[in-house]
Every structure is written in structure tokens, then in C-alpha cells.
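Peer 1: A single structure is presented below for examination.
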Amino acid sequence: MTPAGAYLDHAATSPMPDAVLRAYTDALRTVGNPASTHSDGQRASEVLETAREEIASRLGCDPAELIMTAGGTESINLALKGIYWARRRAGAGPIVLIAAGEHHATVEAAEWLRDTQGADVVWVPIDAEGVLRPEALGQAIADAGADNVALVSFLWANNEVGSVLPVEALCRIAADAGIPVHVDAVAALGQLPLDFARSGAAAMSLSAHKIGGPVGVGALVLGRRTSADPLLHGGSQQRARSGTQNVAGAVGFAAAMRLAIDADGVPHEARITELQRLRDRLVAGVRAADPSAIARGAQGAPDRLPGNAHFTFPGCQGDSLVFLLDAAGVSASVGSACQAGVAEISHVLLAMGVPEPEAAGALRFTLGPDTRDDEIDALLAALPRAISGARSAGLN
């Protein structure tokens with residue numbers, strides 16, 4: 001990023017703070033496999049379990065429920081596939097209820113279960129704000145028949161448009177029907193209070209690099225009463241997951257959690273207040289630069305992530321806007337970085353009922369704890385020219 005530029009794509013990955021980098025690199029020097037019985041192995045195990053306990057304490061779960069993984073994608077795949085297999089063996093039906101507009105890790109895992117494992121995937125509709133409403137989930141369960149449903153999965157907060165879902169109410173509906181719920185909390189981590197026990201979920205997926213932790217480190221919280229068959233076999237180092245555990249990754253994740261979330265599991269108030277101030281300033285500036293721009297998703301706390309601003313710009317192609325802003329030193333995105341390089345209209349916006357020509361002009365700005373006022377200034381200075389250039393290029 002140039003001095004006059006701006007990094008406004010923290011939802012893709014957030015830069016690692018110095019304190020996290022120090023903790024992570026120091027832990028990389030840890031000698032020993034934590035599964036080994038000698039002294040070096042036991043010291044490594046102690047470092048690992050201390051980090052696990054710290055992460056768990058900020059998520060409202062027991063350390064025994066926290067499975068360390070290689071990122072959010074693995075966590076989601078382990079939850080959906082593992083719970084589906086276990087539930088089917090226990091006699092549950094083949095239906096998987098997935099909220100429309102989910103992250104591609106969930107969408108593609110569900111489609112794989114459908115195409116290869118006999119699952120019947122039902123996409124539960126979301127509303128115009130990108131939210132799965134309790135009445136929609138209740139109707140989907142009633143239509144399917146509770147005994148026929150293996151599991152339910154939805155986002156805690158939408159990673160593209162930033163809308164927050166009524167997680168406790170949704171989990172209560174599924175629990176009352178005896179159906180386990182997986183919640184993708186990757187986008188919510190560090191911006192919303194996450195209390196696994198209180199949520200009523202059976203499983204919850206997380207990723208470290210969204211809050212400045214190491215890339216390739218994640219977690220799946222799997223409730224004690226929830227069974228999941230493993231994806232990986234060969235050691236049984238963790239419940240439902242084999243493989244040598246990443247001590248340094250767990251330490252880096254814990255350090256990032258410490259900076260983002262207080263001991264009670266609530267994101268640090270000053271950081272959230274600043275995120276909201278900068279986001280509101282960005283939104284006001286975008287509307288001033290282009291009054292025709294349409295803000296998407298729920299608007300305002302507590303129904304929206306404090307660091308997310310999402311617009312569609314009529315007559316523009318989102319990829320053109322990203323390119324033109326990048327040329328001016330501003331990093332933004334059209335949506336999930338997991339689909340980078342693939343020219344397609346956001347499935348999230350389409351699920352929200354946004355017409356294709358409007359959805360084509362999507363642009364997402366996501367802020368982090370080190371976002372500065374001058375980065376907002378850089379965006380607002382570059383945006384009018386980018387919009388003009390994108391409109392000149394058209395939608396083709």
C-alpha cells in the first residue's frame with residue numbers, strides 16, 4: 001500500500017499486528033511434537049493447551065470442544081460432512097437445510113454431499129437484507145419434516161453484505177426440532193460477541209487470519225453432545241481430526257484473540273466504536289460521491305458488522321471498480337476473496353433478490369483495527385474517477 005493508499009479488504013485477510021507476529025514467531029521455536037511423551041513434547045503440549053484454553057474462554061466453549069484446524073474452510077467442511085455422516089449413521093434423514101447466500105465453503109461442501117453422498121440439499125431463502133429469518137427456517141423444517149433433516153447451517157454474519165443473523169432464535173427453532181446447527185462465524189469473529197454455549201449451536205467455524213492471526217489456522221467448536229465423523233484419519237490427535245497439531249498457529253490465534261476480544265468474549269469497545277465511526281464516515285462519503293449508489297444489507301448496529309460497508313453502483317461492473325481503485329492505491333473487493341479471479345455475479349445479492357444488472361456493480365469495503373482516517377480520505381478521493389471510468393467501460 002502506498003502512503004496515500006488504503007487497504008479496505010480486511011474481510012479477505014487482516015494484517016498481522018506486531019504483538020501477534022512476535023508471539024507467533026516465538027512459538028515457532030517451540031521444540032517437540034505435542035503428542036510426544038518426552039519432556040520437549042510435553043512442554044509443546046502445555047504451550048498448545050494454554051493457547052487452546054485462551055481461545056475457548058473467549059468463545060464461550062470448553063477447551064475440549066475446540067478443534068484446531070487449517071482454517072475456516074476445513075472447519076466448515078468438517079462440520080457439514082462430519083455431522084452429516086454421523087447423523088445419517090444414527091438414523092437421521094438425508095435433508096440438509098442451508099441458508100441461501102452462504103460462503104462458498106458451505107455451498108460447495110453441501111453440493112458435494114448432494115452429488116456424492118445422497119444428501120438432499122434445501123436452500124432456505126433469505127430476505128432482502130441477506131438475513132435468514134426464524135419464520136423461514138421454521139417453515140423449511142416443517143416442510144421437510146424434522147426427522148428427515150440431518151443438519152442446518154447458516155452464517156452468524158454475512159461475509160459480503162455484513163448483515164447479522166438472529167443466531168439464538170434460529171438455533172432454538174432447530175434445537176426444538178432435534179436438529180443440530182452449524183454456524184459459520186468466520187466473518188463475525190472480532191466484531192461481534194460470540195458465545196457458543198449461549199448460542200445453542202452444535203458447531204461453529206472460525207478462522208484466525210480474519211482478525212490478524214496466522215493464515216492457515218482455524219477452529220471448529222464442536223459441542224460435547226454433537227458427533228462428527230472425521231475427514232482426516234491417522235492419529236486421532238483431536239476429537240474428529242487427526243494430524244500433528246500446530247502449536248505456533250494456536251499461539252498466534254490466541255494472541256490475535258487477545259487483541260480483538262476481552263476476557264468476557266466481547267470485542268474491545270474502543271475498537272468497535274472506532275470501526276463504526278470510520279465505517280459511517282465511509283458510507284456518508286460514498287453517498288456524497290455517488291447518490292445513486294445503493295447500500296446493501298442491514299443498516300446500522302446491532303444488525304450489521306461494524307467494519308462492513310457494501311454498495312452497488314448502477315451502470316458499473318464491480319471488477320472494473322476494483323481495478324480502477326487498485327490503480328489509485330486503494331484495495332477493496334466485489335465480495336469473497338475465495339472467488340477472486342472468477343467473473344461471476346454475487347450469489348448473495350441474487351439470493352437477496354437484487355436484479356443481475358444491479359448486482360454486477362457490487363463493491364465491498366471492510367475495515368480493521370488499524371484502518372485510519374487517511375485511508376478513508378484516499379478512497380473518497382479516488383472513488384469519483386473510478387466510478388466515472390467504470391461507467392464508461394459499461395457492464396460488458
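The numbers here are math on the coordinates, done by the rules we state, and not lab data. As the structure is a computational prediction, the values presented were derived from the model and not from experiment. Note that each Cβ is placed from the backbone with ideal geometry, even for glycine, and that neighbours are counted across all protein chains shown.
Peer 1: Let's test this: bin the Cα-Cα distances of region 1-88 at 5 Å from zero up to the farthest pair and state each bin's percent.
Peer 2: Once binned at 5 Å, the Cα pair distances of region 1-88 give 3, 10, 11, 17, 20, 15, 10, 8, 4, 2, 0, 0.
Peer 1: If you don't mind, another one. Averaged across orientations, what area in nm² does the convex hull of the alpha carbons in the chain project?
Peer 2: Details: hull surface 75.6 nm².
In nm², the orientation-averaged hull projection of the chain is 18.9.
Peer 1: In terms of the Cα gyration tensor, with a ≥ b ≥ c the square roots of its eigenvalues, is region 268-321 rounded because a/c is under 1.5, prolate because a/b exceeds b/c, or oblate? Each step should come with its number before you reach the end.
Peer 2: On the way: a/c = 2.38, a/b = 2.11, b/c = 1.12.
Judged from the Cα gyration tensor, region 268-321 comes out prolate (a/c at least 1.5, a/b above b/c).
Peer 1: Round to the nearest 0.05 the FRET efficiency obtained for residue 303 and residue 89 when R0 = 41 Å and r is the Cβ-Cβ distance. Each step should come with its number before you reach the end.
Peer 2: Working: r = 39 Å, r/R0 = 0.94.
Efficiency, from the Cβ-Cβ distance: 0.60.
Peer 1: Could I ask something else about it? Antiparallel versus total DSSP beta bridges in region 18-260: what percent is that, nearest 5? Please report the intermediate quantities before stating the final value.
Peer 2: Working: 11 of 27 bridges.
Restricted to region 18-260, the bridges split so that about 40 percent are antiparallel.
Peer 1: Between residue 31 and residue 128, what is 0.36 nm times their sequence separation minus the Cα-Cα distance? Round to one decimal in nm. Don't skip to the answer; put the middle values down first.
Peer 2: Values: separation 97, 0.36 × 97 = 34.92 nm, distance 5.21 nm.
Full extension of this stretch gives 29.7 nm more.
Peer 1: Report, in cubic angstrom per residue, the convex hull volume of the C-alpha atoms of region 1-159.
Peer 2: So the per-residue Cα hull volume is 181 Å³.
Peer 1: Oh, and also: What's the FRET efficiency of residue 224 with residue 176 using the Cβ-Cβ distance as r and R₀ = 22 Å, to the nearest 0.05? It would help to have the intermediate numbers written out before the result.
Peer 2: On the way: r = 20 Å, r/R0 = 0.89.
Calculated value: 0.65.
Peer 1: I would also like to ask the following. Could you check the spin-label model distance between residue 356 and residue 42? Points 7 Å from the Cα along Cα→Cβ, value in nm.
Peer 2: 6.5 nm
Peer 1: Also, quick follow-up: What trypsin sites (Lys or Arg not before Pro) does region 10-65 have in DSSP loop regions with at most 13 other beta carbons within 10 Å? Kindly include the intermediate steps, with their values, before the conclusion.
Peer 2: Values: sites: 22, 29, 43, 52, 58; in loops: 29, 58.
Listed in order of number, the matching sites are 29.
Peer 1: Let me ask something additional. Between residue 215 and residue 392, 0.36 nm times their residue separation minus their Cα-Cα distance comes to what? Write out the running numbers ahead of the final one.
Peer 2: Numbers: separation 177, 0.36 × 177 = 63.72 nm, distance 3.78 nm.
Value of the extension gain: 59.9 nm.
Peer 1: Using r as the Cβ-Cβ distance of residue 294 and residue 262, and R0 as 51 Å, what FRET efficiency do you calculate, to the nearest 0.05?
Peer 2: Numbers: r = 36 Å, r/R0 = 0.70.
Result of the calculation: an efficiency of 0.90.
Peer 1: I've got another one for you. Pulled fully out, how much extra length does the chain show between residue 377 and residue 344, if you take 0.36 nm times their separation in residues and subtract their Cα-Cα distance?
Peer 2: Details: separation 33, 0.36 × 33 = 11.88 nm, distance 2.96 nm.
Separation in residues times 0.36 nm, less the Cα-Cα distance, equals 8.9 nm.
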